[in-house]
Every structure is written in C-alpha cells, then in structure tokens.
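Remarks on the structure that follows.
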Amino acid sequence: MNKRIILIIALFLFAAALVTVIIVKNCGTGADEPGTDTSDKEQAPFPIEFSDRLVGQPFTETRFDSSTIEILFGDVGFIRKTYAVLDNSGGNRGFGEKSELSIGGIDVTFFGENGLVYLAVWNHNNYAYTVSINSGFGVSAEEMAEYVKATK
C-alpha cells in the first residue's frame, strides 16, 4: 500500500510540474512591453539589420517594444536601434578612451579602454544605434566598424 501512495504522489507531482511548464511557456508579456522575447521580428516596430555574430557569438534573443529593438548576443553584448537621437558629445561614458569615426558618411562615437572598443553609438535617419560589447570581450576599432556597417 505504501508503494501505491508513493506512486500516486509522484504522478501528481509530475503532472503539476508539466502544467506549470505549459502555463509559463504560454504566458507572455506581449510584444508591446519592454523585455519581450520573441523571434517574430515581423511584429517589431521597424526593421533592423545587424551582424549575425558579435565577437563570434550568434544572436540569442530579440527584445522590442514600441520604440526599441534590442538584439542580444548571449553574455557578449547587444545591438540596439531606437526612435531617438542620442547626444554623443558628452564625456567618455565611463570609459577612458573616446574616438569619433565617419563610417559610410555617418559620424560614430567609439568608447573603450586600453586600445579596445566596447561601445559604439550613432544617429541616422531619426534612429539612435548602439553596439555594446561587455567587459572582457572588447574589440579593435576595425572590428567594431564592421558591426556598425552591418547595423541598419
């Protein structure tokens, strides 16, 4: 009799876990809320083009709301496009080095340290763009320029 009770309890716990997984998978936050994870870019507020890899890492997640699209590349970094105009002129944004380049006729500001670039920001056609690479994954200015060229 004890074995039957244990089996019934085990089956009940398994069923409860399965129902929980199904509920969590089917309950989204909606495409208009920040932090939405979706691969359906057709619902995004505007198109975005980007490099298929950032520091060798393929993109892992897409998030968007009504004014921003963010492409995540695991723990390496992200690419963001948003309706806005950024002020690229102020400070080093926490980095020791700042440089400006013209890439395809667009002024891009790079931020970094020790000869490596971690952040690129620019404005084009009423959009603000960011390519951000996390600490420990910095790249050369040439490699960052390639990510910038691929982002539209």
Matching residues, the stretch 44-58, being buried (at least 18 other Cβ atoms within 10 Å of the Cβ) and over 12 Å from Y147 (Cβ atoms): A44, I48
Top-ranked residue of the stretch 123-140 - restricted to ones that are assigned to a strand (DSSP E or B) and polar (S, T, N, Q), ranked as farthest from D107 (Cα to Cα): S132
Odd one out for G94, checked against (1) assigned to a strand (DSSP E or B); (2) free of Cβ contacts under 8 Å to residues at least 24 places away in the same chain: (1)
Set I79, I71: member being surrounded by 15 or more Cβ atoms within 10 Å (Cβ to Cβ), closer than 16 Å to S51 by Cβ and touching a residue at least 60 places away in the same chain (Cβ under 8 Å): I79
Candidate set from the stretch 125-147 (those that are closer than 17 Å to Y83 by Cα and touching a residue at least 24 places away in the same chain (Cβ under 8 Å)); member that is surrounded by the fewest Cβ atoms within 10 Å (Cβ to Cβ): N126
Matching residues, the stretch 69-87, being in a strand (DSSP E or B) and aliphatic (A, V, I, L, M): I69, I71, L72, I79
F50 hydrophobic (A, V, I, L, M, F, W, C), assigned to a loop (DSSP other than H, G, I, E, B) and at pLDDT 90 or above: yes
Members of the stretch 55-83 that are under 8 Å from the mean Cα position of the chain (by Cα) and of a type in the set (K, R): R63, R80
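The values are calculated or read from the model by the stated rules, or taken from the named source; none is laboratory data. None of these values were measured; they are calculated from a predicted model. All Cβ positions, glycine included, derive from the backbone under ideal geometry; neighbour counts span all protein chains shown.
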